[in-house]
Structures are given as structure tokens and as C-alpha cells.
Amino acid sequence: MLKVLYESVIPAETRKALGEYYTPDWLANRVVSEVVTDPLNQRVLDPSCGSGTFVFYAVRRFLIATEHSGMSLKDAMGLVTSRVMGIDLHPVAVALARVTYLLALGRERLNAPDRGNLSVPIYLGDSLGWDQREDLMSISHLVIPTEVGDQLLSGELRFGEHLLENSALFDDLIQTLVNEAGRAAGKPTRKLSEGTIRRLALAEADLPDLNANFVRLKELHEAGRNHIWSYYIRNVSRPAWLARYENRVDVLIGNPPWLSYRHMTATMQKRFKTLAKDRGFWHNETTATHQDLAGLFVARAVERYLKTGGRLAFVVPNSVIDRDYWRGFRRGSFDGANVTFSPSWDLRRIRPHLFPRGSAVIFGSRGPAADQMPATALIWTGRAPHPHATHDTAHLLSQALAACPSAPRTTPARPMPSALAREQVSYLACSCA
């Protein structure tokens, strides 16, 4: 329902410019079940979560596991928001994904008197990091520049790293800072109230930075620049925190933006070309128009958010698995991150087509060495259910595919030319309709 709402609110031209193609529920459910194998202990992130389809099924999978383990509702609700998270660039998508997260939790759990506090971990941010500073997190602090246009109004906002560990408490702190700064605008007050310090149990060591932040936010209010800081700080903090080595996740999952080079703005093309060349993804000028943002997005997400040993699964254009201009990506050697790929899913034979272009799902894990994407793929054939099929339909389809009795069929792999061709690749076939 929320995907339909989003598509009705945001014009098709805007979604195309952002490379947004939403994943059918049944496919998202199947992909989640493939890589989220230990939901109680794996931390899962969708870095391009859209309206939250992958997040929904990851949350549901976690909750099913908590019920089977006998975990109390209070403990489950306290743990889920640190196990399943999402990031997206579009504010409307973020708002809808937060609602989707609540729908995944369910009314009974949300209304339970013992559920405790809840902060929905869907954040507005640029996972790709086109222009974002990579050094927001210093050794012990989150440092946020408070630039407005070309003017640096009040220096930086600094928060001790430990304050970010509990997202609900951090959100409360930020909202309190912004509210008090607004009430103090035009007054000589230069520090937080004693009541706030007691209510939030703020440590004495944190007060110099927090009081300085209070003064900076007060100046922003006085300059008429008070409308975005609470939202901005809360959302920029979590992606920056997740990018730290010790905070990286166990599973990266989702559907990255599909945006061909020819549809990018001139500024985006210049930046894309630089980042692609740095990773050996840029093929040549003659195939430049076929280059796509999806591969670079996956690489950047792996580099920034996936821990060593962590797994990835992304829905991508089918050209990723068999076109020569994706050869650099298929090597699995990114900027400081190496991926060992496992066989992909080839979805182009499913009818009706799931996306405007042929699609595939790629799988892999981050490790000490890169390994070329295998010249094998699992071919899916048959008719797909409605894109917005219910959870029950998706679950039944997952069971049917998991129980597929078709024996693997392979054809001998021949030496591959520069471009992979289907008849020169070994394939496993599953013909379940």
C-alpha cells in the first residue's frame, strides 16, 4: 500500500531521476530469507530502503525468531531497532519506510504496555556519499559542520561518540537541545537547564560540548535558521556512526538506485566517473552511456557499512552478471574492500518483467581477498505473482521455491571471451512456476 502511495505522490520523472525501482514483496521476502540466516544476531541494513520492503521482511524474520527463542516482548522490542535499519535519500521515502517499520512490528506489539521506548531506525542520508564528508566521526566525537549556503554561521556541533549508542536517547537529547535553544533565542542564557541535565542524566564530562552546541543552535535560531537542525542532526549521525569500523553491519541488502550514466546530470557524471575509475569500474568511453550507478552504490555501501565476513544481497540490472562493461565490478575488488561473490539469480525469464529492465540478484561476502563473480547463475522462470502480493503469498512462494525438486542442470563452461554469453556460462536451472 505504501509503495503504491509513494508512486502516486512522487512523479515518475522524479523517481527515474533518482533511479528508484521498487522491489516486489515476494522477491524481497525471498532475498531476505536467503541471507538473514541468524536474525537474532545479525545486524541488517538496507542503505537504499525506499518505502521499506526489505526492512519489513527483515523485521518480520527477526520477530519470528524471537518468538521461537522464547524472548520476552520487552527484550525483542528493545533489540529489533539495533538489528534492522534503513537509510534513504528521499524524505518522503523515509517517512513511508518508518510507517512500514511500525507495520512490521504490528499493532499488538506497539500497544503492549511493556514494550518500552521505541525509536524507528530509518534515517535520511546519502549512503553513496557523493559529497558528504567522510570524517564526520573523529576519534571520539561526531562533528557536524553547521554551514548554511556559503556561510559558516556557528562553527561545529560536537557530540561524544558514546551518546550515539542509544538512538532513542540521542534523539531525545537532540530534540531537547533544539527546543531549549529556540526558547532561549534572544536571551543571555548560554547553557542547558538543570532540569534537562537531570532528566537526561547527562554526565558532567559531556556538558562543555553540549552547552557549546546549545549556544550554536541558539545562534541558528536567532539567525532564522532554526527549521532543519533537529531533523538533520538525528539523521546524519547514524549513517556516520554505522560507517565506523566497529559499528559495521552483518548483512547489506536491498535494491540500489538504477541510474544510467546518460541520465545523470553533468555534475553527477563527473563525480561518477571519478569514483568509478578509482575502483576500476570505468570500462571505456564508447560504453559510457551504459555505465550504471547501481554497481558503484553497492561498492560504496560495502566499503562503508559491511563488516569483514558480512554478507550482501542486492537486486541489480541483469547486465551486471553478463555484460563486459561490468567486468571491473565483477572482480570484487573495491576501494579498500574485497568481495567474494557467490552465484547470482537471473530473473529476466520471469513474466511479467519485474522492472523496466531485466534484473538479477547478486550475492557475496566481504573478506580478505576478492574473488571473481562465478560464471554460474540460478535461472528463475515462470509467472510472478502481483508485485504487491501479500506477506502470506510471498511466504508460500518462498516455500515453493525452497522446496523446488528440480535437479541442478549444468552445461560445461567454455573459456570465456571478453563478454560473457549465456551459452558459454554454466547455469543451474529451477523451473518451478
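The values are calculated or read from the model by the stated rules, or taken from the named source; none is laboratory data. As the structure is a computational prediction, the values presented were derived from the model and not from experiment. Note: ideal-geometry Cβ built from the backbone for every residue, glycine included; neighbour counts use all protein chains shown.
Odds and ends about this structure:
- Count - residues of the range 38-91 that are within 30 Å of Val316 (Cα to Cα) and surrounded by fewer than 16 Cβ atoms within 10 Å (Cβ to Cβ): 6
- Of all residue pairs spaced 6 or more apart or on separate chains, those with beta-carbon atoms under 7 Å, a first member in the range 100-125 that is closer than 16 Å to Leu45 by Cβ and small (Gly, Ala, Ser) and a second member that is at pLDDT 90 or above and in a strand (DSSP E or B) are Gly125/Ile87.
- The range 361-377, residues that are among the aliphatic types (A, V, I, L, M) and within 14 Å of Gly336 (Cα to Cα): Ala369, Ala370
- For the range 313-327, the condition holds for no residue, the condition being that it is surrounded by fewer than 19 Cβ atoms within 10 Å (Cβ to Cβ), within 17 Å of the chain's Cα centre (by Cα) and part of a strand (DSSP E or B).
- Scan of the range 44-69 for residues that are in a loop (DSSP other than H, G, I, E, B) and in contact with a strand residue (DSSP E or B) (Cβ under 7 Å, 6 or more places away or on another chain), ordered by number: Pro47, Ser48, Cys49, Gly50, Gly52
- Of the residues Gly182, Gly186, the single one that is part of a loop (DSSP other than H, G, I, E, B), modelled with pLDDT of 85 or more, under 15 Å from Arg225 (Cα atoms) and not hydroxyl-bearing (Ser, Thr, Tyr) is Gly186.
- Count of residues meeting criterion [part of a loop (DSSP other than H, G, I, E, B) and either of a type in the set (S, T, N, Q) or touching a His at 6+ places or on another chain (Cβ under 6 Å) (or both)] in the range 21-43: 4
- For the range 155-173, the set of residues classified as part of a helix (DSSP H, G or I) and of a type in the set (A, V, I, L, M, F, W, C) consists of Leu163, Leu164, Ala168, Leu169, Phe170, Leu173, listed by residue number.
- Scope the range 140-172; condition β-branched (Val, Ile, Thr) and either modelled with pLDDT of 70 or more or assigned by TED's automatic domain parsing to the domain that holds Leu252 (or both); matching residues: Val143, Ile144
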